[in-house]
Amino acid sequence: MEGDRRPRIVGILNVTPDSFSDGGRCEGADAQVAAAERLVGGGADCIEIGGESTRPGAPPVSCDEELGRVLPAMEALAGRVGAPLAVDTSKAAVAREALARGAVMINDVTALRGDPRMAETLAGADCRVVLMHMRGTPRDMQRDVRYDDVVGEVLAFLGERVRAAEDAGIGRGRLIVDPGLGFGKRVSDNLRILRDLRRFEALGLPVMVGASRKSFIGAVTGRPVEAREIGTCAAHVWALLGGAAYLRVHDAAAARECARMVRAIAEAAAEFDAVSTHGHVD
């Protein structure tokens, strides 16, 4: 996944009945393969499978239940989808089984705090590891949310978790950080993180941004979850301008177009010099 410096698009494939955007839409192998093929066709570099909803208020699921969702999905996609697979989990047992089936990345929304065995499991693996900021758990993360300096506090937390990962034997070159938009943050907090995303360069690691269709976009635009793609694209463009290396998305095609346009403007690519000021090619 790391062959060049262009932003990476991580396509979200939730195999849960209760995820905020697409819960229940990917039940069964055929639906999962079709959804993954749409993501890859749209430009996703990786498909991330999630077997436990982390929406605000979501109840936890057992390890067996999560394995019963994730592993069949991995088996359904193996050899049929032209992109590597990642798994979104905070359980070491799920991560271990996913890695044994070829997962190239584990996204842990607890930043290795949810399961004391996770760090050891990942230390012995050859995969990328995403460390995300979240206060509390999905069940209670939106209660009494307050920060004095949200960017500074999230940055300090991620720095501490990076050190903990390295101390556990996870090589720095394998780490990705995610400020956790929507996880224990008010609308204003999410907007400030996006506005000041460049501050996370201080960690010296790739930054993943997961803004896709989240409630803070709905709060700004007034749109329901199924109609937030324009707002999501605006957030993606801002994230890319702020140095995001990974976008975690529901609509890979829209995200890829955002990335392509931002890169073209930034590089003023020579192949577009033939386009006149009137928008016509000579």
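The condition of being closer than 26 Å to Leu13 by Cβ and surrounded by fewer than 24 Cβ atoms within 10 Å (Cβ to Cβ) holds for only one of Pro179, Pro206, that being Pro206. Taking the criterion of being of a type in the set (D, E, K, R) and modelled with pLDDT of 95 or more, the residues of the stretch 24-64 that qualify are Glu37, Arg38, Asp45, Glu48, Asp64.
Counting only helices (runs of 4 or more DSSP H) that sit wholly inside the stretch 145-223, those with at least 1 residues that are within 19 Å of the chain's Cα centre (by Cα) and within 14 Å of Val129 (Cβ to Cβ) are 150-167. Selection of the stretch 27-42 for residues being more than 18 Å from the chain's Cα centre (by Cα) and farther than 15 Å from Gly79 by Cα yields Glu27, Gly28, Ala31, Gly41. Going by the conditions given, is Arg113 over 15 Å from Glu166 (Cα atoms) and of a type outside the set (A, V, I, L, M, F, W, C)? Criteria not met by Arg113.
Just so you know, in the stretch 46-68 the residues that are surrounded by 22 or more Cβ atoms within 10 Å (Cβ to Cβ) and not hydrophobic (A, V, I, L, M, F, W, C) include one that is farthest from Tyr246 (Cα to Cα), and it is Glu66.
Of the candidates Leu197, Leu181, Leu203, Leu241, the single residue that is of a type in the set (A, V, I, L, M), in contact with a Leu (Cβ under 9 Å, 6 or more places away or on another chain) and closer than 25 Å to Gly50 by Cα is Leu181. Looking across the stretch 43-67, the residues that are in a loop (DSSP other than H, G, I, E, B), within 14 Å of Val87 (Cα to Cα) and either over 19 Å from the mean Cα position of the chain (by Cα) or touching a residue at least 60 places away in the same chain (Cβ under 8 Å) (or both) come down to Ser53, Thr54. For the stretch 224-233, which residues satisfy the criterion of being surrounded by fewer than 16 Cβ atoms within 10 Å (Cβ to Cβ) and either part of a helix (DSSP H, G or I) or touching a His at 6+ places or on another chain (Cβ under 6 Å) (or both)? The answer is Val225, Glu226, Ala227, Ile230. Each residue in the stretch 73-120 was checked for being surrounded by fewer than 22 Cβ atoms within 10 Å (Cβ to Cβ), acidic (Asp, Glu) and either touching an Asp or Glu at 6+ places or on another chain (Cβ under 9 Å) or at positive phi (or both), and 1 pass. Of the residues making up the stretch 209-223, those that are buried (at least 21 other Cβ atoms within 10 Å of the Cβ) and either within 25 Å of Ala86 (Cα to Cα) or touching a residue at least 40 places away in the same chain (Cβ under 8 Å) (or both) are Val209, Gly210, Ala211, Ser212, Arg213, Lys214. Selection of first residues in the stretch 103-131 that are farther than 24 Å from Leu77 by Cβ and of second residues that are part of a loop (DSSP other than H, G, I, E, B) and β-branched (Val, Ile, Thr), restricted to Cβ pairs under 8 Å at least 6 apart or on distinct chains, gives the following pairs, ordered by first then second residue: Ala119/Ile170; Ala123/Ile170.
The values are calculated or read from the model by the stated rules, or taken from the named source; none is laboratory data. Keep in mind that this is a model prediction, so the values were computed, not measured. Using ideal geometry, Cβ is built from the backbone for each residue, glycine included, and neighbour counts are taken over all protein chains shown.
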